[in-house]
There are 2 protein chains.
Amino acid sequence: MITYKEAINILSNALQPLPDFKMASEQAHGVLAGDVISTEEVPHFSNSAMDGFAVRSVETNGAKTDNPLRLVVRGCILAGELAPEIDQKESCCEIMTGSVMPTGFDAVIPVEQVELIDKDGRAFIVINQSVKSGRNVRFSGEDFKPGQVIAKKGQLLNPHILMAINANRVESVSVYRPPKIGILTTGSELETVNQEENSPTIPNTNGPFLQASIRRMGIPCNGMVSVGDSSQMILEKIQNFMDLESDIIIISGGVSAGKADF
Amino acid sequence: MITYKEAINILSNALQPLPDFKMASEQAHGVLAGDVISTEEVPHFSNSAMDGFAVRSVETNGAKTDNPLRLVVRGCILAGELAPEIDQKESCCEIMTGSVMPTGFDAVIPVEQVELIDKDGRAFIVINQSVKSGRNVRFSGEDFKPGQVIAKKGQLLNPHILMAINANRVESVSVYRPPKIGILTTGSELETVNQEENSPTIPNTNGPFLQASIRRMGIPCNGMVSVGDSSQMILEKIQNFMDLESDIIIISGGVSAGKADF
């Protein structure tokens, strides 16, 4: 009998990687056949993480309840729109979540934390707290920089990794073809359709268990068959799975020191 | 605004269970729509857990290295075969894993732990240890008895539960139809195919994330669409998903206090 370590060595030497192919990132699943590298900054532009007002944080220094600051509202940036140029001091700009930050502005104060005043056709906000630079802003490149590894070869594509890949605008990824797996359960005690009524048989539980486990990994099963304890029939079924180009054949039973173990 | 608890209450009161249907146990997946009850004893008959020799344990009492016991081998039971009747004292029977135990025999000694002797055309084994009653025997009904609950309504069918269901020869189970889930991502900042070149857009990451997460649960997705911040378009897409008889519509975006939140 060979040891576990010897068996692992024999297998490792015989194994070849499965062929790989390209998949659109949006729908990709399986195991990555190569590293995925970022080619751009993510986020691609600095944007607001809140619905509120973009401010220059330095102008808010000293704002308190008994020393409120008043800023003129110069426009509103909706998501997907370009930001206006705002040169005037003591200005702010209404901004929605995901919208691009106007140049020179470095913080967002949420809409719930300001008082909005409309006076003589002009809009102001009243702030009674100082706002730290960077507050509620997702800065360009803060998640990924060009050249950074997003995901590594051999990694299983789970929904979270997919999200990072899509955020980096990677259009397609290289994944390994899933293995073709055949399941062979052996044992004359396993129930089959054309068995004698009174023979002491048991239901085949290993086969459906293995099939369900493989399905859970998102891998299609190349077939499941059951045979009795005949070395010739077992050989024949193994040959069948090899003819179907199975990459893995899982055999249950026939592996001890009994008269029907081969 | 309603509280989280209020929202859960509204949902709980509005929810109806999905229709259920029968599936063959071997292939079943999803959530059980009813308890699964055992109608028989599992194992169905007492059988050997090892390749070895069935013995009457009481006869082995006192067997030691310096007081070995000799038992006549009366036949061999292969898996799936009926057991012979053995009346003679000081007898044993060769038995393979999964084979039915002969009446009156209550233990199995593994083949590796005996010495097999062939003398004048008769076979004996020599045992130099006592064997405890029940050793290496899987007794009838030791896993399940008739009337016992195998799996409960509401349980997700994983491979292990499937194994128990199949071991109990339950041919079909009642499962809920999987929900039809529609995914709607909103936000004018999300990239679409017919957008202006220089608009500050971001890739749609929530949509593919939700779709991959649903796929991982083995539930087919009823579609994924993305719309800009137009209340009319959002309503239209929700209506589309309702026309497709979606059970669940997951909407991402448009849920704060912004100008494009409805």
Nearest-20 debye value, segment B:1-142 charge dipole, Cβ charges on Lys, Arg, Asp, Glu:
280
Using a Förster distance of 41 angstrom, determine the FRET efficiency expected from the C-beta separation of B:Ala24 and B:Glu191, and round it to 0.05.
0.40
For chain A, evaluate the Debye formula with one uniform point scatterer on each Cα (no solvent term) and list log10 I(q)/I(0) at q = 0.11, 0.12, 0.13 Å⁻¹, rounded to two decimals.
-0.77, -0.84, -0.92
Between A:Thr185, A:Thr201, A:Thr103, find the one with the highest GNM mean-square fluctuation for chain A; connect C-alpha pairs within less than 10 Å.
A:Thr201
Starting from the Cα of A:Asn198, step 7 Å along the direction of its Cβ; do the same at B:Gln113; then give the gap between the two resulting points in nm.
3.4
Across all directions of projection, what mean area in square nanometres is found for the Cα convex hull of the protein assembly as shown?
37.3
Just how many % of Cα pairs in segment A:131-176 lie over 13 Å apart, if you round to the nearest whole percent?
64
Taking R0 as 60 Å, what FRET efficiency do you get between B:Ser231 and A:Glu6 from their Cβ-Cβ distance, rounded to the nearest 0.05?
0.30
Which of the chymotrypsin sites (Phe, Trp or Tyr not before Pro) found in segment A:135-177 are in a DSSP loop and have at most 13 neighbouring Cβ atoms, other than their own, within 10 Å?
none
Under 16 Å from the Cα of A:Lys237 - lysines, other chains or at least 8 residues apart:
A:Lys180
Over segment B:1-87, volume per residue of the alpha carbon convex hull, in Å³:
273
Euclidean distance of C-alpha centroids, segment B:5-57 and segment A:20-87, integer Å:
49
For segment B:181-252, the dipole about the Cα centre with charges only on Cβ (Lys and Arg +1, Asp and Glu -1), to the nearest 20 debye, works out at 360
Cα-centre dipole for the protein assembly as shown with unit charges at Cβ (Lys and Arg positive, Asp and Glu negative), debye to 20:
820
Once the piece of chain linking A:Arg70 and A:Glu90 is laid out straight, how much longer is it, given 0.36 nm per residue of separation minus the C-alpha distance between them?
6.5 nm
When every alpha-carbon pair in segment B:111-262 is counted, what percent end up more than 20 Å apart?
70
Working from the pairwise distances between different alpha carbons, so that the mean of 1/r is found and then inverted, what is segment A:47-138's Kirkwood radius in Å?
12.8
Value at 222 nm in deg cm²/dmol, rounded to 500, when DSSP H runs of n ≥ 4 in the protein assembly as shown each add -39,500 (n - 2.57):
-5500 deg cm²/dmol
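We did not get these values from a lab; they are worked out from the coordinates using the rules stated. Owing to the predicted nature of the structure, the values given are computational and were not obtained by experimental measurement. Cβ sites come from the backbone with ideal geometry, for glycine too, and all protein chains shown count toward neighbours.
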